[in-house]
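Beneath this line is the structure, given in structure tokens, with notes to follow.
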Amino acid sequence: MENFEVIIVGAGPAGLKCAEVLSKANIKTLIIEKKETIGPKICAGGITRKFFRIFPDFPNNLLDFSTSEAFLHSPKHTHAIQTETPFVFTINREKLGQWQLERLKKEMVTIKTNIKVLKIEPNKVITNDNQQFGFKYLVGADGATSIVRRHLKLKSEKKIITLHYKTPSTAKNKLEVFMDNRLFNIGYAWKFPHKNYISTGCGADTRNFSSAKLKSNFHKWLTNKSIDLSNATYESAPILFDYRGYKFENIFLAGEAAGFTSGLTGEGIYPALVSGEEVAKLIINPGYIPNEIKNLLHYKKIQERFLTLLIIAGPFRNNIFNFIVNKLKKPKFAEKVASGFS
Ligand SMILES: Cc1cc2nc3c(=O)[nH]c(=O)nc-3n(C[C@H](O)[C@H](O)[C@H](O)COP(=O)(O)OP(=O)(O)OC[C@H]3O[C@@H](n4cnc5c(N)ncnc54)[C@H](O)[C@@H]3O)c2cc1C
């Protein structure tokens with residue numbers, strides 16, 4: 001059995017960021033990724049300015065789209081948040097994954113793709129092709145259906161179900177978000193432009209709304225908006241936002257596996273990068289104080305308080321959506337909202 005200081009399950013943004021920091025500290029690391037190619041993931045690919053705090057050198061030519069204008073719709077109002085410089089962007093997940101891969105210190109990282117971790121035992125993992133790998137530390141960066149999380153017997157109750165279409169398009173499209181309780185409950189629908197396609201999707205909290213109802217409402221909405229799906233590809237995936245801790249002796253969780261994702265917006269790329277980096281720093285130095293994780297959790301708590309308010313509001317939810325979109329017309333409030341993206 002080959003032994004590693006750290007084994008990371010999953011090569012998404014969290015796993016790759018964790019491996020980057022570990023490898024640069026000369027820690028012998030193994031990444032196990034079940035997909036053949038690193039990067040592709042069902043995702044709208046939306047990022048905000050915060051992303052560049054982690055990757056200040058991210059090349060502009062890898063961005064699919066950037067805008068200083070985001071349109072928000074409620075049943076009664078429409079308003080565009082506008083800033084002087086771009087604040088929302090979209091990226092292609094495969095390109096992000098491949099770019100992150102290049103940042104690893106190659107001699108310190110072994111990458112095994114196309115194999116899946118099936119079982120975790122004290123200090124070793126077993127894969128679907130019956131290989132065994134030993135670890136001192138294990139990092140579960142394996143997303144919404146994490147096997148590492150299941151091994152830790154953590155509940156996964158807070159989830160968003162998403163429905164997503166990728167439609168080929170090179171037209172100039174706007175970035176838009178649509179809130180309507182009658183259609184998407186506490187969730188929302190989006191249109192996120194990319195270089196060669198537009199991502200149109202919706203998501204809602206599964207505790208509150210059935211996926212069958214969401215699907216039927218989404219299709220009604222697509223028809224009303226005359227969105228042509230003839231060449232579109234359809235995808236669906238859950239988003240886990242049920243945070244129940246990230247450090248369990250020598251086992252860590254990062255990114256969506258830990259539920260760091262926002263339950264309000266579904267934003268998961270930034271929390272994945274931040275938590276992947278923080279977990280690596282904790283492994284390198286057990287005395288490290290992970291303030292960035294504290295900040296993530298603080299922000300997540302505020303968002304989940306708002307989510308609870310939306311749940312309680314029930315049939316009056318549209319009043320809240322209308323109030324917010326209308327209030328965005330006030331520059332000070334709009335500025336405050338936009339600063340949350342930075
Ligand atoms: C429809 C949709 C739209 C979204 N839009 C956005 C958006 O616009 N902006 C945003 O910030 N976030 C968005 N998200 C959320 C975002 O995609 C995730 O939160 C983010 O990818 C989490 O990163 P991660 O590294 O934690 O996990 P992931 O990116 O899910 O990576 C986990 C990796 O682990 C691998 N894996 C899983 N199990 C095993 C196993 N047993 N063995 C080996 N490998 C394994 C998987 O193949 C995967 O590559 C969206 C999600 C969905 C579903």
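The values are calculated or read from the model by the stated rules, or taken from the named source; none is laboratory data. As the structure is a computational prediction, the values presented were derived from the model and not from experiment. Ideal geometry is used to build each Cβ from the backbone, glycine not excepted, and the neighbour counts take in all protein chains shown. The area values use the complete protein model at the heavy-atom level, side chains included, leaving out ligands, DNA and RNA. Shrake-Rupley method; radii C 1.70, N 1.55, O 1.52, S 1.80 Å.
Scanning region 83-111 for residues that are open to solvent by less than 20 Å² (accessible area, probe 1.4 Å) and within 30 Å of residue 198 (Cα to Cα) yields 87, 88, 89, 90, 91, 96, 97, 100. For region 111-160, a residue qualifies if it is in contact with a Pro (Cβ under 6 Å, 6 or more places away or on another chain) and either among the hydrophobic types (A, V, I, L, M, F, W, C) or without any contact (Cβ under 8 Å) to a residue 24 or more places away in the chain (or both), and exactly one does: 144.
Here residue 44 clears all of (1) over 18 Å from residue 13 (Cβ atoms); (2) touching a residue at least 24 places away in the same chain (Cβ under 8 Å) except the condition numbered (1). Among residues of region 175-220 being charged (D, E, K, R) and either under 13 Å from residue 264 (Cα atoms) or assigned to a helix (DSSP H, G or I) (or both), the one that is modelled with the lowest pLDDT is 205. Here's a check for you: in region 307-342, which residue that is open to solvent by 50 Å² or more (accessible area, probe 1.4 Å), touching a Ser or Thr at 6+ places or on another chain (Cβ under 9 Å) and assigned to a helix (DSSP H, G or I) is nearest to residue 248 (Cα to Cα)? Checked region 307-342; the qualifying residue nearest to residue 248 (Cα to Cα) is 335.
Before we move on, is residue 256 over 21 Å from residue 160 (Cβ atoms), within 16 Å of the ligand (Cβ to nearest atom) and either in contact (Cβ under 8 Å) with a residue 60 or more places away in the chain or touching a helix residue (DSSP H, G or I) at 6+ places or on another chain (Cβ under 6 Å) (or both)? It is false that residue 256 is over 21 Å from residue 160 (Cβ atoms), within 16 Å of the ligand (Cβ to nearest atom) and either in contact (Cβ under 8 Å) with a residue 60 or more places away in the chain or touching a helix residue (DSSP H, G or I) at 6+ places or on another chain (Cβ under 6 Å) (or both).
Just to be sure, is residue 304 among the acidic types (Asp, Glu), in contact with a helix residue (DSSP H, G or I) (Cβ under 9 Å, 6 or more places away or on another chain) and open to solvent by less than 70 Å² (accessible area, probe 1.4 Å)?
Judged against the criteria, residue 304 is not a match.
Of all residues in region 158-179, those satisfying the criterion of being open to solvent by less than 20 Å² (accessible area, probe 1.4 Å) and either over 22 Å from the mean Cα position of the chain (by Cα) or closer than 15 Å to residue 239 by Cα (or both) are 160, 162, 163, 164. Here 52, 89, 4 are screened, and the one residue that is touching a helix residue (DSSP H, G or I) at 6+ places or on another chain (Cβ under 9 Å), modelled with pLDDT of 95 or more and either not in a loop (DSSP other than H, G, I, E, B) or not polar (S, T, N, Q) (or both) is 89. One residue stands out in region 265-287 among those that are open to solvent by 40 Å² or more (accessible area, probe 1.4 Å) and within 13 Å of the ligand (Cβ to nearest atom): the one that is farthest from residue 305 (Cα to Cα), namely 277.
For beta carbons closer than 9 Å, sequence separation of 6+ or different chains, a first residue in region 330-342 that is closer than 20 Å to residue 46 by Cα and a second that is among the hydrophobic types (A, V, I, L, M, F, W, C) and part of a loop (DSSP other than H, G, I, E, B), the qualifying pairs are 334/328; 337/328; 338/87; 341/87; 342/87. Among residues of region 17-41 being open to solvent by less than 60 Å² (accessible area, probe 1.4 Å) and near the ligand (Cβ under 7 Å from one of its atoms), the one that is farthest from the chain's Cα centre (by Cα) is 32.
So which residues in region 130-176 are among the charged types (D, E, K, R) and within 14 Å of the ligand (Cβ to nearest atom)? Explain how you work it out, then say what you get.
As a first pass, look at region 130-176 and keep what is among the charged types (D, E, K, R): 136, 142, 149-150, 153, 155, 157-159, 166, 172, 174, 176.
The answer is 142, 149, 150, 158, 159, 166, 176.
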